Amino acid sequence: MSRPPRRRVVVTGLGVVAPNGVGVAAFRDALQAGRSGIQRHETLRENNFACQIGGVPPLTEEDILRVLPFSTYQKLSEAMVYAGLAAIECARSAGIPVDPMQGYLDSPVDWSSGAFIGSGLGGGMDFLYDEFFPILGQAPKSEPGRGVAAIGADAVPKVMGSSVSVTVGRILGLGGQVSTNSSACTTGTEAIFEGWKNVAFGFADAMYVGGAEGSHFGIWAGFDAMRNVLCSSFNEAPELGSRPMSATACGFVPGSGAGVLRLESLESALARDAPILCELVSAFCNSGGQRDGGTMTFPNPEGVVRCIRTVLEDSGIGPGDVTLINGHLTSTAADPFEVANWARALRVEPEKLPLIQSTKSMVGHGLGAAGAVEAIAVVDQIAGRYVHPSINCEDVHPEIRRAEASIPRRLLCREVDYALKASFGFGDVNGALVFRSFDGDSRSLTR
Amino acid sequence: MAFKRSGAVVEAVPLEALAASDVERRIVEGVRKYASHQDNWAKADKNTPFLGSLIGMGIESANLVDIAMSIERQFLTRMTKRVPLADDSSKFRLEPGELGPLMILEGQDIHAATPGLAVKMLMDNGHMPKDPAYLRDVVSFAYIVVVGEAYRLNDTLRRTLRKLPSAADPAARQEIAANVKALVQQARSYAEALTDPAAVVRSRREAYYWERSELQGLEAQLAEVTEKLKQIALSDDTGGADKLRSQQVSLRLRLNTNRTRLRVAEEVANHSGERIPVEEEKVKNVRQVLLASVAEAGRAMDASAAGA
């Protein structure tokens with residue numbers, strides 16, 4: 001596939017709200033320590049879920065109100081709060097001043113920046129379940145003409161699909177395209193692809209990209225209703241539950257949170273002397289058509305391989321150039337297939353795979369937030385020159401044993417040159433990203 | 001699981017048991033979550049507007065309905081017996097009955113721009129006894145509008161003035177200077193008019209008559225369209241009938257908006273004459289603010305002209 005010349009895109013900011021750390025510093029500490037953010041939750045037990053563990057960011061209302069004004073907070077659903085907090089940290093880390101507590105609606109519009117923040121299921125589920133549907137249920141008994149009045153004027157922004165992106169757009173005053181995508185588990189990765197296109201082809205100088213997902217049990221209920229999809233064997237040992245690539249993996253552990261990256265043209269970043277964390281060299285999304293072995297819940301291997309090979313070819317790199325793979329790797333029966341697909345895509349034997357890790361081992365599967373939170377882990381590893389462990393896979397799955405040496409079981413201090421991030425979502429949709437350490441070479445602003 | 005929201009469970013209390021100042025305090029508490037200007041909300045008194053961020057609590061107009069709902073949720077009233085209106089049995093008025101949930105009927109809160117005016121609304125509609133001592137210090141809707149417009153004019157003048165030093169080029173500076181000059185003239189005239197209640201009434205009556213003629217124009221159009229529909233109903237021109245029905249709906253919607261605006265204009269025109277002491281104080285303060293901005297604009301324009 002040939003592409004027109006495009007601007008080089010770099011990452012200049014990160015913001016994360018993750019189950020094992022709120023804020024990049026805390027997230028990094030947890031990743032390096034191999035610390036899981038998975039806990040058992042009483043609400044899941046009360047509702048007789050089979051899987052009673054999950055990843056929820058350790059945030060209190062007081063923490064949120066240190067960053068967001070009360071009136072803003074009241075208008076936000078859980079996922080919107082996560083997106084807002086992550087975006088604020090991202091902007092600040094990129095050197096963009098933002099302080100909602102001092103008032104932000106008078107700040108000028110940033111016409112050169114936009115946002116693609118996705119969400120899988122969680123846009124407003126907490127509001128829908130706790131307030132919206134109870135009122136709706138009482139509507140037939142209410143006053144004529146006032147059946148749904150109690151829902152309030154802020155209901156629509158909380159439940160509309162674009163809730164998470166417009167939250168970011170409002171807080172940061174963005175004047176570029178502001179939109180929400182949704183592609184199940186690929187959402188976060190796809191958002192990065194969409195934002196990358198905007199910057200690479202000159203529609204924006206910078207894009208805030210990522211994903212957010214709430215943790216309401218209503219979001220997780222559908223997965224618990226499917227057989228063998230969620231992990232139900234580790235309710236008594238939650239931190240061991242998310243076990244990508246393990247022989248005893250028994251389903252994914254649901255997670256939540258948000259990740260936001262600031263993608264920027266190299267030209268813009270250099271002009272304002274922004275911190276450059278790494279370069280996003282290539283990105284691509286496709287689908288397997290739910291054919292040839294692909295279904296609603298399982299990827300067509302051909303689609304996966306095409307997706308990965310496309311970004312490799314577009315980046316002009318070979319398998320030997322790749323230091324690190326951050327896989328989708330969810331702790332399900334699909335993991336061995338994914339590892340095999342990676343080997344096939346890179347045209348190497350499994351023994352020759354680069355380092356392959358799963359951030360989900362520590363944060364669970366953040367659904368719409370997953371790709372973004374995991375991409376942040378990748379960027380931080382490149383910038384920080386480390387590789388985090390993939391925990392809970394001491395007992396590697398027999399079909400992955402050939403690649404066992406590629407699985408980092410402890411923290412490695414290592415230069416990461418090229419890193420591949422991929423996500424594969426329900427609906428047989430795929431996304432892949434190629435990140436590269438920025439070598440300071442700015443002679444060419446385009447590729 | 002996720003962060004717990006500290007939402008207060010509101011228990012409705014009978015209005016008849018509360019003093020006016022208590023009702024006011026509860027109303028202010030109840031709108032906290034919509035107030036985007038928390039500093040103004042924290043200092044709010046009976047005369048702090050709900051809307052607007054200059055001197056108001058910063059509640060957005062989209063949340064107006066939430067203000068009414070937050071009041072309804074908090075109080076019980078004896079005005080619960082529904083009596084259908086003679087000309088429209090689907091609408092009703094409320095008369096004394098059993099203690100029950102408060103209902104603010106459509107249009108009743110149109111002038112409840114501040115906590116004090118919301119309390120007045122409750123008194124006017126029989127939900128609580130009138131308290132002349134309390135009402136003595138409540139700024140009327142008319143002067144909330146008149147004083148609010150003065151602050152908005154002042155804010156516009158100051159924002160435009162702030163653009164002057166950083167004008168990109170002489171042409172831009174000239175344009176900004178012209179805008180400042182026009183705004184200064186408006187601000188001076190407004191400040192001058194504020195010294196004379198009769199002048200305020202005159203200008204507000206003009207605004208009211210203008211709105212009224214707009215409304216009458218729309219009513220005439222609606223009558224014409226309705227008549228045409230009656231005629232066309234006798235024919236088989238369904239396309240024509242559909243078009244007229246659309247026009248009818250559009251006119252009815254515009255009329256609803258205009259009627260509300262007219263009621264506001266009427267209220268302001270009728271009550272901007274006599275001023276109570278607290279209104280005099282508000283007018284005096286905003287005049288000072290306006291005239292200070294006018295003086296500063298004059299100095300800035302002189303400096304800009306000298307620099308050019």
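Of all residues in the range A:116-149, which are touching a Leu at 6+ places or on another chain (Cβ under 7 Å) and either surrounded by fewer than 16 Cβ atoms within 10 Å (Cβ to Cβ) or more than 30 Å from residue A:260 (Cα to Cα) (or both)?
Passing the criteria: only A:148.
Quick one: which strands (runs of 3 or more DSSP E) sit completely within the range A:259-358 and have at least 1 residues that are at pLDDT 95 or above and in contact with a Gly (Cβ under 7 Å, 6 or more places away or on another chain)?
Answer list for the range A:259-358: A:278-287, A:355-357.
Those residues that are away from chain A (no Cβ under 12 Å) and of a type in the set (D, E, K, R), I need them from the range B:1-51; list them, please.
Hits for the range B:1-51 are B:11, B:16, B:22, B:24, B:25, B:26, B:29, B:43, B:45, B:46.
Return the total of residues in the range B:85-105 being part of a loop (DSSP other than H, G, I, E, B) and closer than 16 Å to residue B:73 by Cα.
Number satisfying all stated conditions: 4.
Among the residues in the range A:198-219, are any polar (S, T, N, Q), within 14 Å of chain B (Cβ to nearest Cβ) and within 21 Å of residue A:120 (Cβ to Cβ)?
There is at least one residue in the range A:198-219 that is polar (S, T, N, Q), within 14 Å of chain B (Cβ to nearest Cβ) and within 21 Å of residue A:120 (Cβ to Cβ).
Considering only the range A:1-84, give the strands (runs of 3 or more DSSP E) lying wholly within it that have at least 3 residues that are crowded, with 19+ Cβ neighbours inside 10 Å.
In the range A:1-84, A:9-18, A:53-55 are the strands (runs of 3 or more DSSP E) which contain 3 or more residues that are crowded, with 19+ Cβ neighbours inside 10 Å.
Which residue pairs have Cβ atoms closer than 8 Å, lie 6 or more positions apart in sequence or on different chains, and pair a first residue in the range B:52-80 that is under 19 Å from residue A:103 (Cβ atoms) and at the interface with chain A (Cβ under 9 Å from one of its Cβ atoms) with a second residue that is among the aromatic types (Phe, Trp, Tyr) and surrounded by fewer than 20 Cβ atoms within 10 Å (Cβ to Cβ)?
So the pair list comes out empty.
For residues that are facing chain B (nearest Cβ under 10 Å) and of a type in the set (D, E, K, R), tally how many sit in the range A:40-93.
Qualifying residue count for the region: 6.
If residue A:385 passes every condition in (1) surrounded by fewer than 22 Cβ atoms within 10 Å (Cβ to Cβ); (2) touching a helix residue (DSSP H, G or I) at 6+ places or on another chain (Cβ under 7 Å) but one, which one does it miss?
(2)
Can you tell me which residues in the range B:81-121 are buried (at least 18 other Cβ atoms within 10 Å of the Cβ) and farther than 22 Å from residue B:22 by Cα?
B:94
For the range A:41-75, which positions are in contact with a Lys or Arg (Cβ under 9 Å, 6 or more places away or on another chain), of a type in the set (A, V, I, L, M, F, W, C) and at pLDDT 95 or above?
A:53 - this is the single residue of the range A:41-75 that is in contact with a Lys or Arg (Cβ under 9 Å, 6 or more places away or on another chain), of a type in the set (A, V, I, L, M, F, W, C) and at pLDDT 95 or above.
Picking from A:117, A:151, which residue would you name as being touching a residue at least 12 places away in the same chain (Cβ under 8 Å), more than 13 Å from chain B (Cβ to nearest Cβ) and of a type in the set (Val, Ile, Thr)?
Only one candidate qualifies: A:117.
Across the range A:167-185, what is the number of residues that are of a type in the set (A, V, I, L, M, F, W, C) and either within 14 Å of chain B (Cβ to nearest Cβ) or at positive phi (or both)?
Total meeting the criteria: 2.
For the range B:93-133, enumerate the residues that are more than 23 Å from residue B:144 (Cα to Cα) and of a type in the set (Lys, Arg).
Selection gives B:93 alone.
Given the conditions (1) in a loop (DSSP other than H, G, I, E, B); (2) touching a residue at least 24 places away in the same chain (Cβ under 8 Å), report the number of the one that residue A:233 does not fulfil.
Here residue A:233 meets the rest and fails (2).
The values are calculated or read from the model by the stated rules, or taken from the named source; none is laboratory data. Nothing here was measured: the structure is a model prediction, and the numbers come from that model. Positions of Cβ are generated from backbone atoms using ideal geometry, with glycine treated the same way; all protein chains shown enter the neighbour counts.
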